[in-house]
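These notes are about the structure you will find just below.
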Amino acid sequence: MGILAWILLGLLAGIIAKMLMPGKDPGGIILTTLIGIAGGLLGGWLGKVLFDVDSVDGFFELSTWVAAIVGSIILLAVYRLFARHK
């Protein structure tokens, strides 16, 4: 996938993660996008390490979306945990 596809996937995965984890976050849409992009990378890496699958097959593959959304949820939860302690 190209960089624009990663950004779009990250944006959408971040939005979906935020919908699945409602509540106030100190960040806006840019932070959501960055968390989504990083979450996609984290999800792909975790899928490879834990389950020995290539979860980044293509933009329209279900495994790519699941990995990106799960990774985004993990990072959003960690972000909320640390953002509250300020």
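Derived scalar couplings between HN and Hα for the range 31-41 equal 5, 4, 5, 5, 5, x, 5, 5, x, x, 5 Hz in order, rounded to whole Hz, by the Karplus curve 6.51 cos²θ - 1.76 cosθ + 1.60 (θ = phi - 60°), x for Gly and Pro. Net length available on complete extension from I16 to D52 is 10.5 nm, with 0.36 nm assigned per residue and the Cα-Cα distance removed.
In the context of the full set of protein chains, the range 13-53 has a per residue accessible area of 62 Å² (1.4 Å probe). Heavy-atom accessible area with a 1.4 Å probe sorts K18, K48, K24, largest first, into K24, K48, K18. Measuring from label point to label point, each 7 Å out along Cα→Cβ, what is the E61 to L4 span in nm? Result: 2.2 nm between the two label points.
The values are calculated or read from the model by the stated rules, or taken from the named source; none is laboratory data. Just so we're clear, the structure is a prediction, and the values are computed from it rather than from any experiment. No Cβ is skipped: glycine too gets one built from the backbone with ideal geometry, and neighbour counts run over all protein chains shown. These area figures cover heavy atoms from the full protein model, side chains too; ligands, DNA and RNA do not enter into them. Shrake-Rupley method; radii C 1.70, N 1.55, O 1.52, S 1.80 Å.
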